[in-house]
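Down below is the structure, laid out as structure tokens.
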Amino acid sequence: MTYEILLFAHVIGACVLLGTGAGIAFFMVISNLSRDPALIAHVAGIVVLADTVFTATAAVLQPVTGWLLAREVGWPLTEGWILASLGLYVFVGMFWLPVVWIQIRLRRLAEEARDSGTELPEEYRRLYRVWFAFGFPAFGAVTAIVWLMLTKPSF
């Protein structure tokens with residue numbers, strides 16, 4: 001029974017990371033297309049909240065449930081697919097942590113533009129491009145981690 005609970009928690013955590021990441025990206029991109037500072041500020045506020053509540057929680061719990069699951073099953077953490085997953089997890093974190101800061105900054109810049117009745121500044125556009133670019137390697141790595149969890153290839 002413990003195995004099933006840990007597996008369920010771990011899979012749900014992976015779904016939350018993948019789903020929240022995709023949802024956040026979708027809503028940020030769509031709101032950005034409007035170029036409306038009020039809409040972007042509102043959506044960015046929700047995105048920052050979702051990243052705090054869902055992504056951060058899952059990001060902390062995922063390695064815990066993974067370690068407990070590996071221990072329950074008897075997989076050594078030196079298995080190739082586990083090491084690759086952990087390496088990719090660190091890689092994702094290297095992109096996600098700056099993205100959180102960027103999202104907060106994008107929200108503030110949009111709020112300032114909304115409150116002053118001006119267009120979004122060049123800094124917003126520059127940071128948005130970085131945010132957008134960082135999403136691809138991070139999302140690809142999360143997808144690869146899910147593949148490794150499901151297939152457990154030997155290498």
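When we screen Val142, Val90 for residues that are within 19 Å of Leu18 (Cα to Cα), touching a Gly at 6+ places or on another chain (Cβ under 9 Å), at pLDDT 95 or above and assigned to a helix (DSSP H, G or I), the only hit is Val142. Counting the residues of segment 66-100 that are open to solvent by less than 40 Å² (accessible area, probe 1.4 Å), under 17 Å from Trp147 (Cα atoms) and β-branched (Val, Ile, Thr) gives 2.
Mind counting the residues in segment 101-139 that are open to solvent by 40 Å² or more (accessible area, probe 1.4 Å) and either assigned to a loop (DSSP other than H, G, I, E, B) or hydroxyl-bearing (Ser, Thr, Tyr) (or both)? Qualifying residue count, segment 101-139: 5.
The values are calculated or read from the model by the stated rules, or taken from the named source; none is laboratory data. Everything quoted here is computed from the prediction, not taken from an experiment. Cβ: placed from backbone, ideal geometry, glycine included. Neighbour counts: every protein chain shown. Protein only, heavy atoms only, side chains kept; ligands, DNA and RNA dropped before computing areas. Shrake-Rupley method; radii C 1.70, N 1.55, O 1.52, S 1.80 Å.
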